[in-house]
Structure formats: C-alpha cells, structure tokens
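Below is one structure, written out as structure tokens; comments come after it.
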Amino acid sequence: MAKIKYEIRFYISNSTGSSKQGPNTATIEAESEINAISEIKKKYPDSSTRKFELISLKQK
C-alpha cells in the first residue's frame, strides 16, 4: 500500500488540560489516517502528566 503525506496539528497538554503547548504541526507519511495518528502518538504518548489532543488531520 502506498504511503500518503498527512499534516497533523495537535496540542500537548498536561493531564488536566489546563496548560497547552502548541498548536504543533507535523508531517507524517502513512498508509491511512489512523496510521498517521498512531505514528505521531508514538512520538508524543499520553502519560500521567501529558495528553495528546488532535486539532486537525489533512492530506498533503
């Protein structure tokens, strides 16, 4: 399956959501939208102190 470029915009926030970093933008090559989100979440995994929050996902 061919890889497609996706632009992902997201916030990284603390676990309560009261403090946000971003918006951040990343370009990921993946086979589907789900895979693109999975790839970026590997780099910014949720933890007890950090939460990933998707803003937008679009094909480039």
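The values are calculated or read from the model by the stated rules, or taken from the named source; none is laboratory data. All of these numbers come straight from a predicted model, not from anything done at the bench. Positions of Cβ are generated from backbone atoms using ideal geometry, with glycine treated the same way; all protein chains shown enter the neighbour counts. We work out accessible area using only protein heavy atoms, side chains counted, and drop any ligands, DNA or RNA first. Shrake-Rupley method; radii C 1.70, N 1.55, O 1.52, S 1.80 Å.
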- Note on the structure: Of the listed residues (18, 56), the one being exposed (fewer than 15 other Cβ atoms within 10 Å of the Cβ) and part of a loop (DSSP other than H, G, I, E, B) is 18
- Among the residues of region 26-44, write down those that are in contact (Cβ under 8 Å) with a residue 12 or more places away in the chain, within 11 Å of residue 57 (Cβ to Cβ) and open to solvent by 80 Å² or more (accessible area, probe 1.4 Å). 33
- Query: Within region 1-21, restricting attention to residues that are within 11 Å of the chain's Cα centre (by Cα) and not acidic (Asp, Glu), which residue is farthest from residue 58 (Cα to Cα)?
  - Reply: 12
